[in-house]
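Okay, structure first, notes after.
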Amino acid sequence: MKFAAADGERIEATPGAKGECPGCGAEMVARCGTQRVWHWAHRGRRHCDHWWENETQWHRDWKNHFPADWQEITARDEHGELHIADIKTDKDLVVEFQHSFLNREEAQKRTQFHNPMFWVVDATRRATDAPNFIEALEYARHHPTPDGMVYEVNMRAARLLKEWVTVGVIVAFDFGTDDVWVLRRVHGDWVLGFFYPKAKVVAHISEGTVLPDILYGKLPVRRPLARGWKRVGQRF
Ligand SMILES: [Zn+2]
């Protein structure tokens, strides 16, 4: 974790620093090596949040776009199980940055827990994902709009889409460039999305404003897209 609690403050890991887990109160050790980003680890035990994944520089880069007091926010479910949100804004929107593979059921469970939320997925983890995704976009239906191209992609055409299409909230795929690809809407087997600057995604999260939508946009549809919108359960 990036933060531990010490003397009522949230402090970052530095060599020799001491702190407690803001979630469970356990003693933490500052791990300040060269292999991984400096972080706090629970002393001699597993992480209290079993959803927690080891942080990468990618996680940190995203988190660092936001105020420290929005980062690593603890919540408990109705069974008292503890989970720590990567980002929770002052408007109670949760953003999770996901690097490692997450199966659909797990992704849905976490979405329900954190809702309202959206996901940012590290799409560079598997080398084949970017070429696979780009190929899927080539075969997609292209809808030019005044605001840019909207892609209507068959979810089976891209592994990332297959994995994430069922969460029912916005997913931003980060291919390591200045733009993310925003999975904005789903109808049946089709996913609608667009490239969007990362900086603007950060601004929307920071300001609590909604990302551009497709449903109310000027998408020049060639066939009715209305059916199916409702069941997406779009919550953001
Ligand atoms: Zn803990």
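A short reminder: the numbers here are calculations on the coordinates, not readings from a lab. None of the values given here were measured: they were computed from a predicted structure. FYI the Cβ positions are ideal-geometry reconstructions off the backbone, even for glycines, and counts take in every protein chain you see.
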| In nm, to one decimal, how far is the modelled label at Asp90 from the one at Asp69, with both set 7 Å along Cα→Cβ? | 0.8
| Do any GluC sites (Glu not before Pro) in the stretch 1-95 lie in a DSSP loop with no more than 11 other beta carbon atoms within 10 Å, and if so, which? | Glu78
| query | If you take the beta carbon distance between Asp7 and Asp189 as r and set R0 to 45 Å, what does 1/(1 + (r/R0)^6) give as a FRET efficiency, to the nearest 0.05? | reply | 0.25
| note | Residue separation between Ser100 and Ala199 times 0.36 nm, minus their alpha-carbon distance, gives in nm 33.3 nm
| said: Beyond a 25 Å Cα-Cα separation, which of these cross-linked pairs lie in this structure: Lys91/Lys162; Lys63/Lys109; Lys109/Lys200; Lys18/Lys63; Lys88/Lys162; Lys18/Lys91? | reply: Lys91/Lys162; Lys109/Lys200; Lys88/Lys162; Lys18/Lys91
| said: Given the DSSP H assignment, sum -39500 (n - 2.57) over each helix run of at least 4 residues in the chain and divide by its residue total; what's the result at 222 nm in deg cm²/dmol, nearest 500? | reply: -5500 deg cm²/dmol
| What length, rounded to one decimal in nm, is gained on full extension from Glu53 through to Thr145, with 0.36 nm per residue of separation minus their alpha-carbon distance? | 29.3 nm
| request: Quick one: check the C-alpha center-to-center distance for the stretch 1-16 versus the stretch 100-147, whole angstrom. | output: 33
| task | Enter the Cα centre distance for the pair the stretch 170-189 and the stretch 34-59, rounded to the nearest angstrom. | result | 26
| Of the residues Val29, Val165, Val120, which exhibits the maximal mean-square fluctuation in a Gaussian network model of the chain defined by a 10 Å Cα contact cut-off? | Val29
| said: Run the numbers for Glu138 and Lys18: contour at 0.36 nm per residue of separation, minus the present Cα-Cα distance, in nm. | reply: 38.0 nm
| Is the shape of the stretch 1-48 rounded, prolate or oblate, going by the alpha carbon gyration tensor and its root eigenvalues a ≥ b ≥ c, with a/c under 1.5 for rounded and a/b larger than b/c for prolate? | oblate
| task | Please work out, to two decimal places, the log10 of the ratio I(q)/I(0) at q = 0.11, 0.14, 0.23 Å⁻¹ from a Debye calculation in which every Cα of the stretch 1-93 carries one identical scatterer. | result | -0.29, -0.48, -1.35
| field | Arg45 paired with Ala26, simple spin-label distance in nm, labels 7 Å along Cα-to-beta-carbon | value | 0.5
| task | May I ask for the equivalent-ellipsoid semi-axes of the stretch 126-213, computed as the square root of five times each C-alpha gyration tensor eigenvalue and listed largest first in whole Å? | result | 20, 15, 13
| query | Given the convex hull over the Cα atoms of the chain, what projected area results after averaging over all orientations, in nm²? | reply | 13.7
| message | As an exercise, use a Förster radius of 35 Å and the Cβ-Cβ distance of Arg159 and Arg76 to find the FRET efficiency, rounded to the nearest 0.05. | response | 0.55
